[in-house]
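Undergrad: Pasting in a structure now, in structure tokens, and then I'll have a few things to ask.
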Amino acid sequence: MDADVIVVGGGTSGAVLAARLSERADRRVLLLEQGPDDTAYDASVLRPAAAGDVWAGTPFARPYPMTASAERTVQMVRGRVLGGTSAVNYLATLRGQPADYDAWAARGLPGWGWPDILATFRAMETDVDFGATALHGDAGPLRVRRSPEHERNEAHRAFLAGVRELGVPWSEDINDPRRLPGVGIFPLTVTENAEGTVERLTVSRAYLTDAVRARPNLTVLTGVTAARVDVEDGRATRVVAADGRAWAAPEIVVACGATGSPALLQRSGIGPKDLLDALGIPVVADLPGVGANLQDHLGIALLYRHPGGTPLRGGPVQPVWVGRTPDASSVDFHVLALPIGEPGPDGTHFSLVPFLLDVTGRGRVDATGTDPEAEPAVTMPRPTAHDLARLDWLLDRIAALEETAAFTALGVERVHPASDLRAPNAATTLADGGLISYGHLGGTCAMGPDGDPQAVLDPRCRVRGIKGLRVVDASTMPVLPAGNTYLGCAMLAERAARLI
Ligand SMILES: Cc1cc2nc3c(=O)[nH]c(=O)nc-3n(C[C@H](O)[C@H](O)[C@H](O)COP(=O)(O)OP(=O)(O)OC[C@H]3O[C@@H](n4cnc5c(N)ncnc54)[C@H](O)[C@@H]3O)c2cc1C
């Protein structure tokens with residue numbers, strides 16, 4: 001079956017693309033997804049507090065290592081199911097800051113500045129707490145909700161009160177740039193099932209509804225791993241699957257995520273010539289930026305034990321402190337208070353994690369051959385001296401938080417690290433032992449202006465030098481927004497669908 005548009009990858013961005021592109025009845029859309037259909041979701045996907053269970057290994061998530069240093073790898077997961085990583089993530093629904101998107105526009109990417117995209121963010125959501133306002137929407141497919149007070153546990157409450165003791169204001173809405181810096185509750189993309197229980201709302205469930213799936217011009221094929229995209233005379237012509245099947249279309253949109261999309265392009269001969277030569281893949285287009293520029297938000301996990309031994313399991317609630325280090329012009333960190341699913345071997349019950357949201361170090365993604373089932377080699381971004389200095393400042397703030405009346409009253413004991421958070425270069429020492437990833441990988445097929453040698457895509461998400469081929473997902477982002485990335489990926493897809 002051929003199509004007018006093929007979307008490869010039915011994850012966060014791909015599900016939105018397929019839904020929006022098939023709104024035009026005369027356009028035949030084919031969506032190819034590697035994992036199973038979203039009808040296969042079980043409780044591990046749907047229970048918001050069960051994200052850790054999904055990572056631990058289910059048919060819906062694919063684990064892979066990221067190389068942090070010669071001695072250390074960090075385990076990461078990605079979604080491998082219709083809905084993609086929106087089916088296994090922590091559901092936090094943040095947009096990033098106006099300054100982040102204005103910086104995209106200022107790089108020479110017209111149409112991606114804050115005034116352009118705010119309307120898209122509003123149209124995408126049904127915000128059950130705020131309804132329709134200048135910032136929020138009440139008619140979009142993504143149902144967004146903040147957990148009410150009674151769903152918080154004692155660690156959440158102590159965290160919120162302790163951060164306020166540090167002078168950080170309470171923010172009713174951490175998606176409102178005017179209410180930041182602040183401490184508040186993550187909006188989550190959730191729905192309620194027939195019994196009234198809060199459930200994860202994945203992007204595919206929100207966008208690829210039964211009515212959308214019933215469209216005669218939309219075909220969704222799951223269990224299909226794209227091996228490569230064929231290019232003839234400078235035009236992408238067809239997608240070839242691992243099992244040898246192939247589908248042709250004048251427009252092919254790759255949406256395989258921050259690691260999957262660069263790997264698919266590289267397997268197709270589109271990427272850095274040195275890498276392709278080393279792998280013996282004929283060069284179709286020498287684009288050095290494919291797989292380069294890998295960004296992530298990195299942090300340090302601090303683990304605490306509760307003397308009462310109560311496991312502080314989380315409900316669908318996540319308090320967060322959103323702030324700015326002293327020299328930052330915009331938001332550049334989150335501190336999360338996270339439950340730990342099961343008490344650790346040393347009885348740990350919850351963690352505080354400071355995450356930097358504009359890590360200046362960069363990593364990369366490299367295909368390791370032509371095997372479409374093999375995950376690419378992922379080199380995690382390494383923090384620069386500037387990043388480590390800001391992490392040191394954050395560790396000092398966490399030491400101050402531990403000294404607040406609210407936190408002291410909680411009576412917890414930090415077991416990792418046992419060392420003084422205010423010791424000189426504490427962040428460097430802890431980073432060597434284990435920086436953790438927020439899972440916000442992106443930037444590996446970045447949009448950029450004409451003349452930028454690292455730009456893989458033009459501002460309309462078109463692969464430079466190849467006709468009929470686009471990339472739309474986390475890899476498209478030139479610089480990660482200072483927020484969680486899933487909503488940004490869905491926003492990219494909403495806007496790209498209009499460009500196609
Ligand atoms: C553990 C974790 C927690 C996170 N928590 C949050 C959070 O709370 N809030 C937030 O905003 N963000 C969070 N994120 C990040 C966010 O979920 C991702 O940035 C976003 O979902 C990525 O969307 P995407 O469309 O780029 O890729 P994905 O959603 O990963 O979609 C890619 C799809 O392509 C498919 N695919 C890959 N290769 C192929 C192939 N060769 N052929 C066919 N199909 C293929 C995959 O199976 C997948 O379905 C988290 C990420 C992780 C890993």
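Undergrad: In the range 290-317, how many residues are modelled with pLDDT of 65 or more, outside any strand (DSSP E or B) and surrounded by 23 or more Cβ atoms within 10 Å (Cβ to Cβ)?
TA: Qualifying residue count for the region: 6.
Matching residues to (1) under 15 Å from Val353 (Cα atoms); (2) within 13 Å of the ligand (Cβ to nearest atom); (3) free of Cβ contacts under 8 Å to residues at least 12 places away in the same chain; (4) surrounded by fewer than 24 Cβ atoms within 10 Å (Cβ to Cβ):
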| site | (1), (2), (3), (4) |
| --- | --- |
| Leu391 | yes, no, no, no |
| Thr408 | no, no, yes, yes |
| Arg414 | yes, no, no, yes |
| Ser419 | no, no, yes, yes |
| Arg422 | no, no, no, yes |
| Tyr438 | yes, yes, no, yes |
| Leu492 | no, yes, no, no |
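Undergrad: Then there's this: Out of (1) within 13 Å of the ligand (Cβ to nearest atom); (2) of a type outside the set (Phe, Trp, Tyr); (3) under 23 Å from Gly488 (Cβ atoms), what's the single condition that is false for Pro36?
TA: Among (1) within 13 Å of the ligand (Cβ to nearest atom); (2) of a type outside the set (Phe, Trp, Tyr); (3) under 23 Å from Gly488 (Cβ atoms), Pro36 violates only (3).
For (1) closer than 22 Å to Val81 by Cβ; (2) outside any strand (DSSP E or B), each residue gets a yes or a no:
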residue: Ala227; (1), (2): yes, no
residue: Val231; (1), (2): no, no
residue: Ala236; (1), (2): no, no
residue: Val239; (1), (2): yes, no
residue: Asp243; (1), (2): yes, yes
residue: Trp247; (1), (2): yes, no
residue: Ile252; (1), (2): yes, no
residue: Gly260; (1), (2): yes, yes
residue: Leu264; (1), (2): yes, yes
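Undergrad: Right, another one. Could you list, ordered by first residue, the pairs with Cβ atoms under 7 Å in which the first is in the range 6-25 and part of a helix (DSSP H, G or I) and the second is away from the ligand (no atom under 14 Å from the Cβ) and at pLDDT 95 or above, at least 6 apart or interchain?
TA: Ala18/Val29; Ala18/Leu218; Ala19/Val212; Leu21/Val5; Leu21/Arg27; Leu21/Val29
Undergrad: Another question, if that's okay. Looking at the structure I just gave you, is Thr404 at pLDDT 95 or above and within 10 Å of the ligand (Cβ to nearest atom)?
TA: no
Undergrad: Taking Gly244 as the residue in question, decide whether it is more than 28 Å from the chain's Cα centre (by Cα) and without any contact (Cβ under 8 Å) to a residue 12 or more places away in the chain.
TA: Considered against the rule, which asks whether it is more than 28 Å from the chain's Cα centre (by Cα) and without any contact (Cβ under 8 Å) to a residue 12 or more places away in the chain, Gly244 comes out as yes.
Undergrad: Taking the condition of being outside any helix (DSSP H, G or I) and in contact with a Gly (Cβ under 8 Å, 6 or more places away or on another chain), how many residues in the range 394-433 meet it?
TA: As a first pass, look at the range 394-433 and keep what is outside any helix (DSSP H, G or I): 403-404, 411-425.
Next, only the ones that are in contact with a Gly (Cβ under 8 Å, 6 or more places away or on another chain) stay: 404, 411, 415, 417.
Residues meeting the conditions: 4.
Undergrad: Could you please find all residues in the range 450-488 being surrounded by fewer than 24 Cβ atoms within 10 Å (Cβ to Cβ) and over 30 Å from Phe333 (Cβ atoms)?
TA: Scanning the range 450-488 gives Asp450, Gly451, Pro453, Asp458, Arg460, Arg462, Arg464, Gly465, Ile466, Lys467, Gly468.
Undergrad: Name the residues in the range 249-279 that are surrounded by fewer than 16 Cβ atoms within 10 Å (Cβ to Cβ) and either touching a residue at least 24 places away in the same chain (Cβ under 8 Å) or among the aliphatic types (A, V, I, L, M) (or both), would you?
TA: Pro250, Ala278
Undergrad: Enumerate the strands (runs of 3 or more DSSP E) found wholly within the range 158-212, keeping only those where 3 or more residues are farther than 30 Å from Asp38 by Cα.
TA: Correct list: 182-185.
Undergrad: Among Asp138, Asp127, which is at pLDDT 95 or above and buried (at least 16 other Cβ atoms within 10 Å of the Cβ)?
TA: Exactly one of Asp138, Asp127 is at pLDDT 95 or above and buried (at least 16 other Cβ atoms within 10 Å of the Cβ), namely Asp127.
Undergrad: Looking at Pro376, Pro372 in this structure, which one is assigned by TED's automatic domain parsing to the domain that holds Glu33 and either crowded, with 20+ Cβ neighbours inside 10 Å or under 21 Å from Leu338 (Cβ atoms) (or both)?
TA: Residue meeting the stated conditions: Pro376.
Undergrad: Something else about it: Given (1) farther than 22 Å from Pro354 by Cβ; (2) away from the ligand (no atom under 16 Å from the Cβ); (3) not charged (D, E, K, R), identify the lone condition not met by Gly182.
TA: The single condition Gly182 does not satisfy is (1).
Undergrad: Okay, next question. Criterion first (closer than 26 Å to Glu375 by Cα, of a type in the set (Lys, Arg) and away from the ligand (no atom under 14 Å from the Cβ)) does Arg47 satisfy it?
TA: no
Undergrad: Would you check if there is a residue in the range 425-432 being away from the ligand (no atom under 16 Å from the Cβ) and either hydroxyl-bearing (Ser, Thr, Tyr) or touching a His at 6+ places or on another chain (Cβ under 6 Å) (or both)?
TA: yes
Undergrad: Related question: Might you let me know whether the range 66-81 holds any residue that is more than 14 Å from the ligand (Cβ to nearest atom), outside any loop (DSSP other than H, G, I, E, B) and more than 30 Å from Arg178 (Cβ to Cβ)? Steps first, answer last, please.
TA: So the first thing to find is which residues in the range 66-81 are more than 14 Å from the ligand (Cβ to nearest atom), and the list is 67-73.
In the following step, the residues that additionally are outside any loop (DSSP other than H, G, I, E, B) were identified as 67, 73.
Filter again for more than 30 Å from Arg178 (Cβ to Cβ), leaving 67, 73.
Taking every residue of the range 66-81 in turn, at least one turns out to be more than 14 Å from the ligand (Cβ to nearest atom), outside any loop (DSSP other than H, G, I, E, B) and more than 30 Å from Arg178 (Cβ to Cβ).
Undergrad: Within the bounds of the range 240-257, is there any residue that is of a type in the set (D, E, K, R) and over 26 Å from Gln454 (Cβ atoms)?
TA: yes
Undergrad: Now for a different question. Does the range 217-228 contain at least one residue that is within 25 Å of the chain's Cα centre (by Cα), farther than 17 Å from Ile6 by Cα and surrounded by fewer than 22 Cβ atoms within 10 Å (Cβ to Cβ)?
TA: No, the range 217-228 contains no residue that is within 25 Å of the chain's Cα centre (by Cα), farther than 17 Å from Ile6 by Cα and surrounded by fewer than 22 Cβ atoms within 10 Å (Cβ to Cβ).
Undergrad: Filter the range 324-367 down to the residues that are at pLDDT 90 or above and exposed (fewer than 15 other Cβ atoms within 10 Å of the Cβ) and list them by number.
TA: Across the range 324-367, the qualifying residues are Pro326, Asp327, Ser329, Thr360.
Undergrad: So which of Ala103, Ala119 ends up being in a helix (DSSP H, G or I), more than 16 Å from the ligand (Cβ to nearest atom), crowded, with 17+ Cβ neighbours inside 10 Å and not acidic (Asp, Glu)? Step through it out loud before you land on a result.
TA: Working: Ala119 fails: crowded, with 17+ Cβ neighbours inside 10 Å.
The match here is Ala103.
Undergrad: Return yes when Arg179 is within 29 Å of Tyr101 (Cβ to Cβ), free of Cβ contacts under 8 Å to residues at least 12 places away in the same chain and surrounded by fewer than 19 Cβ atoms within 10 Å (Cβ to Cβ) and no when it is not.
TA: yes
The values are calculated or read from the model by the stated rules, or taken from the named source; none is laboratory data. All values reported here derive from a predicted model rather than from experimental measurement. Quick reminder, even Gly has a Cβ in these numbers, built from the backbone with ideal geometry, and neighbours come from all protein chains shown.
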